[in-house]
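*Asks:* One structure follows; several queries about it will come next.
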Amino acid sequence: METLKRIWPQIFPAKPTLTGATMFTQPGRVVIITGATSGLGRELAGLLYAAGATVYLGARNEAKAKQVIHDIISTTISTIPSPGTLIYLPLDLADLRTIQPFVSAFLASATRLDLLFNNAGVACIPLSQPTAQGLEPHLGTNCAGPYLLTRLLTPILTTTAQDPSTRPNSVRVIWSSSMVVDFLAPTGGVPPSELTTPNQDPNHNYAVSKVGNWFLAARMAKTLGEKGVISITQNPGNIYTPIYDLAPRLSVWLSKPIFYTPQEGVNTLLWAGFDEGITVEDGGRYGIPFGRWHPGPRQDLLEAMREGGTGEAEALDRWCEEVTREFC
């Protein structure tokens, strides 16, 4: 019953609190979106471009990214008087070697960073397809990669937040989680033993990585918050995107009645990134569709993040630091 109470408002969400139509324009703001060539990332890039922001698209496939940029511009330019800018930079979160070059290229181009959307992720990947560094594919791509990216971008995030011209509470790091944390994740969320000896079930590993996104958001909120940067996580909703391409077809078919579109799910990202009621005091919190805080997070996951608690969040943080150290 408790699980049902947690997932019900995520399966059948309330109306969005912020949409592309109600969001303020964003001229002068600089945004990075990972996984920006499809699904939620692509939708978000189009909305922020239309709002006047400078948007950096981090993605693996250059041809696909450039086609997305062309499509967004061609469908927006005639209807928006002052659109922003779209810039592609190569990035593969499954290969830690690509992250420092991405950050270096970004820093050579930009002087500020207002929003980092750690949106990219993988699901349903077997252990036989590890990352370039031999990591379990979900923890490696969904956790270690975004961890390193965020760490390397922390200096420019903090200098942007501390710039007198920057509005308080407007610089944010948004991590993407999933409803599976409420019903599929094991006790404690990220069992320390599985950091070195992964489970054989890809669905289990995906759920662990999505709890990991919340843990990392909360861990980084402690240091980033002191410097004026908000770090939170959110479940955008049950959104049908290419992340389900490798999922069993039967499970996808059975889920169709509760799927939402990227056009709907992006409203959760907009809320997390731009709602003016969110402050640094909210650092580490968990948002649900389509723009509200989780009403009843699992107590074992809260205990895993608490100082002096069971320690799973700290263990994940240490593991990420260890596996990414040589790529800083």
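The values are calculated or read from the model by the stated rules, or taken from the named source; none is laboratory data. Computed from a predicted model, the values in this text were never measured in an experiment. Every residue, glycine among them, receives a Cβ derived from its backbone with ideal geometry; neighbour counts consider all protein chains shown. Ligands, DNA and RNA are excluded from the accessible area calculation, which covers all protein heavy atoms including side chains. Shrake-Rupley method; radii C 1.70, N 1.55, O 1.52, S 1.80 Å.
*Asks:* Heavy atoms only, 1.4 Å probe, whole protein assembly: order 150, 19, 75 by accessible area, highest first.
*Replies:* Ranking 150, 19, 75 by accessible area, largest first, yields 75, 19, 150.
*Asks:* So for 177, 78, what's the accessible-area order with a 1.4 Å probe, most first?
*Replies:* I get 78, 177, largest accessible area first.
*Asks:* Residue 222 to residue 133: extension gain in nm, 0.36 nm per residue of separation minus the Cα-Cα distance?
*Replies:* Residue separation times 0.36 nm, minus the Cα-Cα distance, leaves 29.2 nm.
*Asks:* Something else now. What is the extension gain from residue 300 to residue 17, computed as 0.36 nm multiplied by their sequence separation minus the C-alpha to C-alpha distance, in nm to one decimal? Walk me through the numbers on the way to the answer.
*Replies:* Details: separation 283, 0.36 × 283 = 101.88 nm, distance 2.90 nm.
Gain on stretching residue 300 to residue 17: 99.0 nm.
*Asks:* Would you mind telling me which residue in 105, 59, 185 has the biggest mean-square fluctuation in a Gaussian network model of the chain, where springs connect alpha carbons within a distance under 10 angstrom?
*Replies:* 105
*Asks:* Considering only protein heavy atoms and a probe of 1.4 Å, how much of the accessible area of the chain is carbon and sulfur, as a whole percent?
*Replies:* 55
*Asks:* Taking the DSSP beta bridges in the stretch 1-324 as the whole, what percent of them are antiparallel, to the nearest 5?
*Replies:* 5
*Asks:* Please get the size of the charge dipole for the stretch 287-328, origin at its Cα centre, with Cβ charges of +1 on Lys and Arg and -1 on Asp and Glu, quoted in debye to the nearest 20.
*Replies:* 300
*Asks:* Let me ask something else. For the chain, what log10 I(q)/I(0) values come out of the Debye formula at q = 0.08, 0.11, 0.12, 0.15 1/Å, with one point per alpha carbon and no solvent?
*Replies:* At q = 0.08, 0.11, 0.12, 0.15 Å⁻¹ the computed log10 ratios are -0.32, -0.64, -0.77, -1.29.
*Asks:* Something else about it: Any chance you could list P(r) for the stretch 110-180, counting all Cα-Cα pairs in 5 angstrom bins from zero, rounded to whole %?
*Replies:* Reading the bins upward from 0: 3, 15, 22, 18, 14, 11, 8, 5, 2, 0.
*Asks:* Which stretch or stretches of the stretch 151-180 have amide N atoms under 14 Å from the point lying 7 Å from residue 104's Cα along the Cα→Cβ direction?
*Replies:* Label zone hits: none.
*Asks:* For the chain, what is the relative contact order in percent, using Cα pairs closer than 8 Å and at least 6 residues apart in sequence? Provide the component values of the computation, followed by the final result.
*Replies:* On the way: 654 pairs, mean separation 69.2, N = 328.
With pairs under 8 Å counted, the relative contact order is 21 percent.
*Asks:* So what's the gap between the Cα centers of the stretch 180-216 and the stretch 119-163, to the nearest angstrom?
*Replies:* The distance from the Cα centre of the stretch 180-216 to that of the stretch 119-163 comes to 15 Å.
*Asks:* Calculate the spin-label point distance for residue 201 paired with residue 322, positioning each point 7 Å from the Cα along the beta-carbon direction, and give it in nanometres.
*Replies:* Simple spin-label model gives 2.5 nm for this pair.
*Asks:* Also, quick follow-up: So what is the 222 nm mean residue ellipticity for the chain from helices alone, if each DSSP H run of at least 4 adds -39500 (n - 2.57) and you divide by all residues, rounding to the nearest 500 deg cm²/dmol?
*Replies:* The per-residue figure over the chain is -12500 deg cm²/dmol.
*Asks:* Along the charge dipole of the chain, which of 166, 177, 193 sits closest to the positive end, that is, farthest toward it, with unit charges on the beta carbon of Lys, Arg, Asp and Glu (+1, +1, -1, -1)?
*Replies:* Farthest towards the positive end: 166.
*Asks:* Which value in nm describes the separation of the simple spin-label points at residue 261 and residue 166, placed 7 Å from the Cα toward the beta carbon?
*Replies:* It is 3.5 nm.
*Asks:* Find which of 3, 135, 111 sits farthest along the positive direction of the dipole of the chain, computed with +1 on the beta-carbon of Lys and Arg, -1 on that of Asp and Glu, about the Cα centre.
*Replies:* Of the listed residues, the answer is 111.
*Asks:* Sorted by packing (mean other beta-carbon atoms within 10 Å per residue), highest first, where do 220-231, 186-197, 3-14 land? Mind dumping the intermediate values first?
*Replies:* On the way: 220-231: 20.0, 186-197: 16.2, 3-14: 14.3.
Those peptides, ordered most packed to least, come out 220-231, 186-197, 3-14.
*Asks:* Any idea of the accessible area per residue across the chain, 1.4 Å probe, to the nearest Å²?
*Replies:* For the chain, the per-residue accessible area is 42 Å².
*Asks:* Give me the distance in nm between label points sitting 7 Å out from Cα along the Cα-to-Cβ direction at residue 63 and residue 95, one decimal.
*Replies:* Between residue 63 and residue 95, the label points sit 1.6 nm apart.
*Asks:* Right, here's the next one. Efficiency by 1/(1 + (r/R0)^6): what FRET value for residue 281 and residue 85, r their Cβ-Cβ distance, R0 = 41 Å, to the nearest 0.05?
*Replies:* 0.80
*Asks:* Further question: DSSP loop (so not H, G, I, E, B), at most 15 other Cβ within 10 Å: list which chymotrypsin sites (Phe, Trp or Tyr not before Pro) in the stretch 19-124 pass both filters.
*Replies:* In loop regions of the stretch 19-124 (DSSP not H, G, I, E or B), the sparsely surrounded chymotrypsin sites (Phe, Trp or Tyr not before Pro) are 24.
*Asks:* Let me ask you something else. About its Cα centre, what dipole magnitude does the chain give when the only charges are +1 on Lys and Arg Cβ and -1 on Asp and Glu Cβ, stated in debye to the nearest 20? All intermediate terms of the calculation are to be shown ahead of the outcome.
*Replies:* On the way: 25 positive and 28 negative charges, 124 e Å.
Its charge dipole is roughly 600 debye.
*Asks:* Which order do the peptides 295-306, 136-147 take when ranked by the mean count of other beta-carbon atoms within 10 Å per residue, highest first?
*Replies:* Most protected by this proxy first, the peptides run 136-147, 295-306.
*Asks:* Also: Straight-line reach from residue 227: which lysines have Cα under 28 Å away, leaving out those fewer than 8 places along the same chain?
*Replies:* 210
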